[in-house]
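The values are calculated or read from the model by the stated rules, or taken from the named source; none is laboratory data. Quick caveat: nothing in here was measured; it's all calculated off a predicted structure. Here the Cβ positions follow ideal geometry from the backbone for every residue, glycine too, while neighbour counts run over all protein chains shown.
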Amino acid sequence: MMELPKLPIGDVVEIIVDWIEMYFSWLLDAISTGLRVLVSGFEDLLLAIPAPVLIVLISVLVWFVTRHDLKMTILTALGLLLIWDLGLWELSMLTVVLVLIATVIALALSIPIGIAAARSDTLNTILRPFLDFMQTMPSFVYLIPAVIFFGLGSVPGIIATVIFAMPPALRLTTLGIRQVPVELIEVADAFGATPRQKLFKVQLPVALPTIMAGVNQCIMLALSMTVIASMIGAGGLGYQVLVGIQRVDIGMGFEAGLAIVILAIIFDRITQNLVPKYGSK
């Protein structure tokens, strides 16, 4: 049986990677250094605050964000106290730092691109297959280019998390703006609003609940990536889970997994309660 010639896809990828490393190594080094400094500085800041004080501050934040939901506030405090009691506080703070930094970068990229895609059918058409590709690609694959360009550690973990968490925020930003009623746009045009005024005074406020749903999904995906990113040295609770798997230590893995679940619930409740608060303005 005649064999078809193999397409040199791998060779082409290697050529592209070598070209990027040759001409953009200075940029990769700058990104790596900046993220490393940001992670260490943010982590030192959180760890400088005594755990009981930080637990109180987070509980107060949940109290205000959830509109004085006493049950959620108490559960938040108890969950954080449990993490502290299990001796996972430092690892949890590193996980929080990695998730927040990755989320901020992902949102800083996805929201402006989503706004541009909402305004341009051409850009939206171009982006759609790329977003489909990013959302269907197994999450482990994102580790490969991150390791190639940034080595091992927290930096490639953040980069892989950013790429993994961007698509839902981008899609929901585009969807939210495109769903703004045409009547509101026509009223803004009738009052002589500029494109910038329409965006910030009409489209974004109306689309904010949908955009915040994308923010919520972005945070959840970033948190779910922590365990996978630990395979390339990202650290935090994900690394503790990985060590538990490698040692077949059920207790260690379960405790770290429980801490991740507690953090996920807190992040989820905070972002969910921000939607009606801002969306109702």
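Of (1) modelled with pLDDT of 85 or more; (2) surrounded by fewer than 24 Cβ atoms within 10 Å (Cβ to Cβ); (3) over 15 Å from the mean Cα position of the chain (by Cα), Pro168 satisfies all except one. Which?
Pro168 satisfies all of (1) modelled with pLDDT of 85 or more; (2) surrounded by fewer than 24 Cβ atoms within 10 Å (Cβ to Cβ); (3) over 15 Å from the mean Cα position of the chain (by Cα) except (3).
Provide a single number: the residues in region 99-149 that are within 17 Å of the chain's Cα centre (by Cα) and modelled with pLDDT of 90 or more.
Summing the residues that are within 17 Å of the chain's Cα centre (by Cα) and modelled with pLDDT of 90 or more in region 99-149 gives 16.
Please go through region 114-160 and pick out each residue that is among the hydroxyl-bearing types (Ser, Thr, Tyr) and either outside any helix (DSSP H, G or I) or surrounded by fewer than 13 Cβ atoms within 10 Å (Cβ to Cβ) (or both).
Taking region 114-160 first, the residues among the hydroxyl-bearing types (Ser, Thr, Tyr) are 120, 122, 125, 136, 139, 142, 154.
Ser120, Thr122, Thr125, Thr136, listed by residue number.
Hey, could you check region 61-80 for residues that are β-branched (Val, Ile, Thr) and touching a helix residue (DSSP H, G or I) at 6+ places or on another chain (Cβ under 7 Å) and say which is nearest to Ala264 (Cα to Cα)? Let's see the steps before the verdict.
So the first thing to find is which residues in region 61-80 are β-branched (Val, Ile, Thr), and the list is 62, 65-66, 73-74, 76.
Still in the running and touching a helix residue (DSSP H, G or I) at 6+ places or on another chain (Cβ under 7 Å): 62, 65-66, 73, 76.
Numbers: Val62: 13, Val65: 16, Thr66: 16, Thr73: 15, Thr76: 11 Å.
Per the criteria, the residue is Thr76.
Based on what the data block shows, is Gly192 within 21 Å of Ile83 (Cβ to Cβ) and out of contact with any His (no Cβ under 9 Å at 6 or more places or on another chain)? Step through it out loud before you land on a result.
On the way: within 21 Å of Ile83 (Cβ to Cβ): no; out of contact with any His (no Cβ under 9 Å at 6 or more places or on another chain): yes.
No.
Report, ordered by the first and then the second residue, all pairs with beta carbons closer than 9 Å, sequence separation of six or more or different chains, a first member in region 29-49 that is farther than 16 Å from Ala146 by Cβ, and a second member that is not aliphatic (A, V, I, L, M).
That search, which allows pairs on different chains as well, returns Ser40/Ser154; Glu43/Glu90; Leu47/Trp89; Leu47/Glu90.
Quick one: which helices (runs of 4 or more DSSP H) sit completely within region 172-238 and have at least 1 residues that are surrounded by fewer than 20 Cβ atoms within 10 Å (Cβ to Cβ) and in contact (Cβ under 8 Å) with a residue 24 or more places away in the chain?
Result: 204-229.
Could you check, for region 87-100, whether at least one of its residues is touching a Lys or Arg at 6+ places or on another chain (Cβ under 8 Å), surrounded by fewer than 20 Cβ atoms within 10 Å (Cβ to Cβ) and on the phi > 0 side of the Ramachandran plot? Explain how you work it out, then say what you get.
Of all residues in region 87-100, those touching a Lys or Arg at 6+ places or on another chain (Cβ under 8 Å) come to none.
No, there is no match, as no residue in region 87-100 is touching a Lys or Arg at 6+ places or on another chain (Cβ under 8 Å), surrounded by fewer than 20 Cβ atoms within 10 Å (Cβ to Cβ) and on the phi > 0 side of the Ramachandran plot.
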